[in-house]
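Worksheet for the structure shown next.
What follows is calculated from the coordinates using simple rules that are stated; it is not laboratory data. Given the structure is predicted, the values throughout are model-derived calculations rather than measurements. For neighbour counting, all protein chains shown are included, and Cβ atoms are generated from backbone atoms with ideal geometry for every residue, glycine included.
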Amino acid sequence: MAKGKKGYNIQLIDHLYNQVPAFTDIFDEETWYIFVACFVASTIVLAIVLSRFITIRPVGG
């Protein structure tokens, strides 16, 4: 029984692995740099916007 389940798990993982595109299928060098630049810029903008709305106060005060 356990061997059948293990075989099913391997088949499931193999199927999911084949459905996910490889890194090189998605990015080449230029698109990777563009993605990283946009990700960093959006992270900085998000941090600035959130800092306007979130205030950290001391627990004891």
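Here's the picture: charge each Lys and Arg Cβ at +1 and each Asp and Glu Cβ at -1 in the chain, and of Ala41, Thr31, Thr55 the one pushed furthest to the positive end of that dipole is Thr55.
For the chain, what mean projected area does the convex hull of the alpha carbons give, in nm²?
If I average the Cα hull's projected area over directions, I get 9.6 nm².
Using the Cβ-Cβ distance between Thr43 and Ala22 with R0 = 22 Å, the FRET efficiency computed as 1/(1 + (r/R0)^6) comes to roughly 0.30. The helix-based estimate of mean residue ellipticity at 222 nm for the chain, built from -39,500 (n - 2.57) per DSSP H run of four or more residues and divided by its residue count, is -25500 deg cm²/dmol to the nearest 500.
Which of the chymotrypsin sites (Phe, Trp or Tyr not before Pro) across the stretch 23-56 are loop residues per DSSP, with 15 or fewer other Cβ within 10 Å?
Filter output for the stretch 23-56: Phe27.
In plain terms, the chain from Val59 to Trp32 could stretch by 5.5 nm, reckoned as 0.36 nm per residue minus the Cα-Cα distance. Angle check, please: helix 29-53 long axis (alpha carbons) against the longest principal axis of the chain (alpha carbons), in degrees 0 to 90, nearest 10. Here the helix axis deviates by roughly 50 degrees.
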